[in-house]
Amino acid sequence: MKFNPDKMAFGRHETFAVRYGWLSKGFQAITEKGGSKIFESDEATVRLGVGKNMVTAIKYWLRACRMIDPVENIPTELGNALLSEDGFDPYLEDEATIWLLHWLLATNTELATSWYWFFNRFHKPEFTGQELTTALIDFVNDQVTDRKKPSASTLKNDAVLLPRMYTQSKGNTRTPFEEALDSPFALLKLVTQSAGGRSYQSRPGSRPDLPLGVLGFAVCEMFEMK
């Protein structure tokens, strides 16, 4: 995938990871009459059943996962194929869909730069949250020279959210119920947390169950990116 240091985005998720139902709910709202402007509507919180900041987060994740156009907020061809009422998997019930969404997110260099960086440029198999934050800040400082850099707090928010989104929760009873719900990406087990919770691991490994159709899609996209 092509990386353009002049087109990067950080911290647009309002510190909310993708939750089960968000992509489906947001996409279906968009496909309703007049839905392309749902996220700017005063009734968005009622129609989506979430708070205002979460409305913004849902819009961001739909764009970052390439389900809607980042400018016009209308469904993409792939978004329609996956999430429309007669799509392949409108409620994300098939693990293959999660793998595909992961690929679409991790290769979106412009709207999900931290995710692209983590899965394509950051190769440390074990790390702490602080190490991840420092490495991301170093990457941005190295790449961004001719435009305003994002703040350290914005980059830290990305570094905190990213492993949390891919790690399965441990059922801490002190954690609010909604916060304890795993992101659908946690199903892929691409990031794990140490027993003490002080570090994370993300190691390359054999994936014999990786759907061949998703692998083929990724290979075709890579050829198109050349």
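Go through 47-57, 68-78 and give me the packing order, highest mean Cβ count within 10 Å leading.
47-57, 68-78
Taking the highest mean first, how do the peptides 130-143, 191-204, 107-120 order by number of other beta carbon atoms within 10 angstrom per residue?
Highest-to-lowest ranking by the protection proxy: 107-120, 130-143, 191-204.
222 nm [θ] for the chain, helices only, -39500 (n - 2.57) per DSSP H run of 4+, per residue, to 500?
Helices in the chain give a 222 nm mean residue ellipticity of -13500 deg cm²/dmol.
Just subtract the alpha-carbon distance of N4 and A152 from 0.36 nm times their residue separation and send over the number in nm, one decimal.
Full extension of this stretch gives 51.2 nm more.
On full extension of the chain, what length is gained from V144 through M222, given 0.36 nm per residue of separation minus the C-alpha to C-alpha distance?
Extra length available between V144 and M222 comes to 25.6 nm.
How far is it, in nm, from the label point at R121 to the one at R47 when both lie 7 Å from their Cα along the line to the Cβ?
Label at R121, label at R47, 3.7 nm between them.
For the chain, what number results from the quotient of the Cα radius of gyration and 2.2 N^0.38 Å?
Cα Rg divided by the expected 2.2 N^0.38 Å: 1.01.
Below 8 Å, C-alpha to C-alpha, sequence gap of six or more: please give me the relative contact order for region 1-132 in percent.
29
Using alpha-carbon pairs under 8 Å, 6+ residues apart, how would you state the relative contact order of the chain in percent?
Across the chain, relative contact order equals 24 percent.
Read the figures in this text as sums done on the coordinates, not as results from a lab. Bear in mind the structure is a predicted one, so any value in this text is a computation, not a measurement. Ideal geometry is used to build each Cβ from the backbone, glycine not excepted, and the neighbour counts take in all protein chains shown.
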